[in-house]
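Beneath this line is the structure, given in structure tokens, with notes to follow.
The values are calculated or read from the model by the stated rules, or taken from the named source; none is laboratory data. Being a predicted model, the structure only gives us computed values, none of them experimental. Here the Cβ is made from the backbone with ideal geometry for all residues, glycine too, and neighbour counts use every protein chain on show. Calculation scope for accessible area: heavy atoms of the full protein, side chains included, ligands and nucleic acids excluded. Shrake-Rupley method; radii C 1.70, N 1.55, O 1.52, S 1.80 Å.
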Amino acid sequence: MKPLEKPADAARRPGFPLRMPAFATQTNATKIVAVRHGEMGVTGLSYLKKEAQSPVLRVTTAATGIGLDSQAVRARMVQKLAAQGVQDSRVLAAISHVERHRFVDSALVNQAYEDTSLPIGLGQTISKPNVVARMLELLVKTSDGKLGRVLEIGTGCGYQAALLAQLATEVYSIERLRGLHDRARDNLRPFKVANLHLLFGDGMAGYARGAPYAAIIAAAGGEALPQAWLDQLAIGGRLVAPVQGANGAQALVVVDKTARGITQTLLEAVHFVPLKSGTS
């Protein structure tokens, strides 16, 4: 296995100077409140925590919003995910915070909070909320707090990248399709996510300049995990991705990298788009 590359100087990394309001969680009892953020005046959710490291968001409106902007819509989706077995409070809080309907086509917004995948163009889809939550929960399971630097393979519409930005200190997200890369930038720009870098390139090659990564997550599955991903994963890091078996079916695999080597755990069946090399 090739040695891990040292992370490049931060000034050399491509920037994506956007910032999404941070969330926090209340010490004694979690309280969901409505906040208004950005120039768009979009009502969002925030979990407030007295001992939070990041500044607590100030509540500037008591309005709950209407329709898909309503906090109740996202709260119901989170309740369903919890009932389906998603337990990590960090993942549930991130899903509460990020408005999924802003990442799907306008004709499909009424389905945005249903547990279903939706087309996002160019033959790609936004994954079911349950699948996204499951993979994120697996990714953060070995960490007590925020993840460090994370690499996402397959930006898509940008929804999972926005969730990762809530769960990690820094996120690099690669998309091989120019149309989706541009769309993700447009989707994410109003939310101003400061710790997210969007890259256009071949995801199979990873992004060595940002390595090593505390976690890597992929939204496409091939017959084998690219060696570049394994090389760029830090010691103590975790990788979650779909892999394709001999029968053509896909399953989730969790890879843990230790000083002694790599261990792989095969989990439930999933269905993702195929992993491809190159750009288009």
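What FRET efficiency, computed as 1/(1 + (r/R0)^6) with R0 = 22 Å and r the Cβ-Cβ distance, is obtained for R209 and S277, rounded to the nearest 0.05? Efficiency, rounded to the nearest 0.05: 0.70. Annotation: the antiparallel percentage among DSSP beta bridges lying fully within segment 113-204 is about 20. What the Cβ-Cβ distance of A75 and T116 gives, at R0 = 22 Å and to the nearest 0.05, is a FRET efficiency of 0.75.
Accessible surface of segment 149-222, 1.4 Å probe: 54 percent of it comes from carbon and sulfur atoms. Could you tell me which of rounded, prolate or oblate describes segment 123-280, using a ≥ b ≥ c as the square roots of the eigenvalues of the alpha-carbon gyration tensor, with rounded for a/c under 1.5 and, failing that, prolate when a/b is larger than b/c and oblate otherwise? Since a/c stays below 1.5, the shape of segment 123-280 is classed as rounded. Taking every DSSP beta bridge that has both ends in segment 92-245, the antiparallel portion is near 15%. For segment 154-195, the convex hull spanned by the alpha carbon atoms encloses 56 Å³ per residue.
Under 5 Å from the amide H of T116 lies no amide H of any residue 5 or more positions distant or on a separate chain, with H modelled from the backbone and absent for Pro and chain starts.
Note that segment 149-280 presents 37 Å² accessible area per residue, ligands and nucleic acids not counted, probe 1.4 Å. Between the C-alpha center of segment 113-136 and that of segment 166-245 there is a gap of 16 Å. Specify whether the C-alpha gyration tensor of segment 103-202 places it in the rounded, prolate or oblate class, a ≥ b ≥ c being the square roots of the eigenvalues: rounded for a/c under 1.5, otherwise prolate if a/b is larger than b/c and oblate if not. Oblate, since a/c reaches 1.5 and b/c is not below a/b.
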